[in-house]
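Structure first, then comments.
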Amino acid sequence: MTSFDDLLSNVPVAQIAEKLGVDEATAKTAITAAVPVLLGGLQAKASNPEAAADIEGAIAQQPAGLLDGGVDMNQVDTGHGSQIVDQTFGTEKNTVMSALGNVGGNAISQDLMSKLLPMLAPIVLAYLGKKALGGGGGAAAESGAGGGIGDILGSLLGGATGGKSGGGLGDILGKAVGQNAGNVLGNVLGGLLGKK
């Protein structure tokens, strides 16, 4: 199992589906598309040492036992999740939500994604924290701002492509959300990568 699959296995699909008022298949499709985009946004931010330090601070704020024994959505702070999403995507947030809202046909909307990402962000950060503390992340946590968290994010995004190196973030997003939305999101995240 790749780290990416391991991360997805920590996401409580049934609880999220219930909170969103959708069936589990719809929730799973939305989650599978949203997680790589969230990881890509975090990786884009982590390329800036100051922003990487902010991400590490946000990771430290997650409840220590959030992933232990399965995530309970009642323990997930969606208010903090919204802040993470805002900080990650900045002015491009609506573009990201709109592109994600084109995934999986009519069942998944921009509104659904705007509710989903703040639920996922704390889970993703808790998982990154677990990896950074040696839950498979090895010495990555010790390698300083940018490198450590960036390395962990890179390995997760590598898992999202099935371990094949090559096309980078655009390919990952294309596979996750479909080529058209993937191109839009790739441009957005490319723009975030370009900002220092």
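The values are calculated or read from the model by the stated rules, or taken from the named source; none is laboratory data. Bear in mind that the values here come from a model prediction, so they are computed numbers and not experimental data. Don't worry about glycine lacking a Cβ; one is built from the backbone with ideal geometry, like all the others, and counts go over all protein chains shown. Calculation scope for accessible area: heavy atoms of the full protein, side chains included, ligands and nucleic acids excluded. Shrake-Rupley method; radii C 1.70, N 1.55, O 1.52, S 1.80 Å.
Residue check: is residue 78 among the β-branched types (Val, Ile, Thr), surrounded by fewer than 23 Cβ atoms within 10 Å (Cβ to Cβ), over 17 Å from residue 40 (Cα atoms) and free of Cβ contacts under 8 Å to residues at least 60 places away in the same chain? Yes: the conditions hold for residue 78. Restricting attention to the stretch 86-98, the residues that are open to solvent by less than 50 Å² (accessible area, probe 1.4 Å) and not small (Gly, Ala, Ser) total 4.
Confirm whether residue 71 is of a type in the set (A, V, I, L, M), within 22 Å of residue 9 (Cα to Cα), open to solvent by 20 Å² or more (accessible area, probe 1.4 Å) and not in a helix (DSSP H, G or I). Show your work before the answer.
On the way: of a type in the set (A, V, I, L, M): yes; within 22 Å of residue 9 (Cα to Cα): yes; open to solvent by 20 Å² or more (accessible area, probe 1.4 Å): no; not in a helix (DSSP H, G or I): yes.
Judged against the criteria, residue 71 is not a match.
Scanning the stretch 16-45 for residues being open to solvent by less than 10 Å² (accessible area, probe 1.4 Å) and modelled with pLDDT of 85 or more gives a total of 15. Take the conditions (1) in contact with a Leu (Cβ under 8 Å, 6 or more places away or on another chain); (2) open to solvent by 10 Å² or more (accessible area, probe 1.4 Å); (3) modelled with pLDDT of 90 or more; residue 4 misses just one of them, which is (3).
Among the candidates 132, 60, 126, single out the residue that is within 14 Å of the chain's Cα centre (by Cα), open to solvent by 10 Å² or more (accessible area, probe 1.4 Å) and among the small types (Gly, Ala, Ser).
On the way: 132 fails: within 14 Å of the chain's Cα centre (by Cα); 60 fails: within 14 Å of the chain's Cα centre (by Cα).
After ruling out the rest, the residue left standing is 126.
One residue alone among 26, 32 is assigned to a helix (DSSP H, G or I) and within 13 Å of the chain's Cα centre (by Cα), and that residue is 32. Answer with yes or no whether residue 83 is open to solvent by 50 Å² or more (accessible area, probe 1.4 Å), in contact with a helix residue (DSSP H, G or I) (Cβ under 7 Å, 6 or more places away or on another chain) and modelled with pLDDT of 85 or more. Considered against the rule, which asks whether it is open to solvent by 50 Å² or more (accessible area, probe 1.4 Å), in contact with a helix residue (DSSP H, G or I) (Cβ under 7 Å, 6 or more places away or on another chain) and modelled with pLDDT of 85 or more, residue 83 comes out as no. Across the stretch 95-147, the qualifying residues are those that are closer than 23 Å to residue 70 by Cα and in a loop (DSSP other than H, G, I, E, B), and the one among them that is modelled with the lowest pLDDT is 137.
Is there a residue in the stretch 40-55 that is part of a helix (DSSP H, G or I), farther than 25 Å from residue 155 by Cα and out of contact with any strand residue (DSSP E or B) (no Cβ under 7 Å at 6 or more places or on another chain)? Within the stretch 40-55, not a single residue is part of a helix (DSSP H, G or I), farther than 25 Å from residue 155 by Cα and out of contact with any strand residue (DSSP E or B) (no Cβ under 7 Å at 6 or more places or on another chain).
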